[in-house]
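Data first, discussion second: the structure below is written as structure tokens.
What follows draws every value from the coordinates through simple rules; no lab data is involved. Keep in mind that what you see is a predicted model, and the values were worked out from it rather than measured. Counting neighbours? That spans all protein chains shown, and the Cβs are built from the backbone with ideal geometry, glycine included.
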Amino acid sequence: MVKGARVNARLKEHFGEAEIGDLHLPFFCTSTNLTSGATRIHREGLLRHALRATISLPGILPPVVDGQDLLVDGAVLNNFPADIMRDMHRGFVIGSDVTRQPENMDLAEFRDPPGFFRWVFNNGFSSPPPIAGLLMRTATIRADTKFGHDMADVLVLPQLADVQLRDWDAYDETVEAGYVATMKAFEGKKIKELCCPA
């Protein structure tokens, strides 16, 4: 599990005391309230607090304690909140689904899983052990992997099969995959008609 204090410090360094309501563009993110079992939509308050809650994957990053509530990543209940965007936003909705599909998990890593120290000895700290990917998949799995896709006017599906959790060196590759997928998604579509239908 990643230490929460380090993540908190990094978020404060980048976003300081910025409030969601003061942003130049409308913003929201979601978290899962483990206390109530419901989705929380963050539309006000400190930006860094909302971001800290929405990135708290169970088992990867400690949950956020907010009063009497325990908050984790919104993906636990809804990993593609295009439905929330549709309800809140009057314009057209662009959705980008970066969820890794189950066929991209390496089953061989779980047939004879190494212990933690063996993993570190063989791989160092350059890549996460298989349990990290397993926890992430467990936290974001849905019965319907295409849930919410029909709520987006434009659906972007980057091909990220080779990008692993915490693979910081894959930044350029990930950006390129996003660009290629976005251009493909908009191919043949007229932005003006999507944005301002007659």
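The table below gives the values:
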quantity	calculated
Length-normalised contact order of the stretch 1-77 in % [C-alpha pairs under 8 Å, at least 6 apart]	35 percent
For residue 66, residues with placed amide H under 5 Å, excluding near neighbours	71
Net charge of Cβ neighbours under 14 Å - reference residue 63; Lys, Arg +1; Asp, Glu -1	0
Local electrostatic count, residue 12, Cβ distance below 15 Å [Lys/Arg +1, Asp/Glu -1]	+2
Karplus-derived HN-Hα couplings along the stretch 169-182 (A = 6.51, B = -1.76, C = 1.60, θ = phi - 60°), whole Hz, x at Gly and Pro	6, 8, 4, 4, 4, 5, 4, 5, 4, x, 5, 4, 5, 5
Label-point separation, residue 6 to residue 184 (7 Å along Cα→Cβ), nm	3.4 nm
Under Karplus coefficients 6.51, -1.76 and 1.60, residue-wise ³J(HN,Hα) of the stretch 50-66 in Hz, glycine/proline x	5, 5, 4, 5, 6, 9, 7, 5, x, x, 9, 9, x, x, 9, 8, 10
Amide hydrogen neighbours beyond the local backbone of residue 29, cut-off 5 Å, H modeled	42
Cα gyration tensor, the stretch 1-77 - rounded (a/c under 1.5), prolate or oblate	oblate
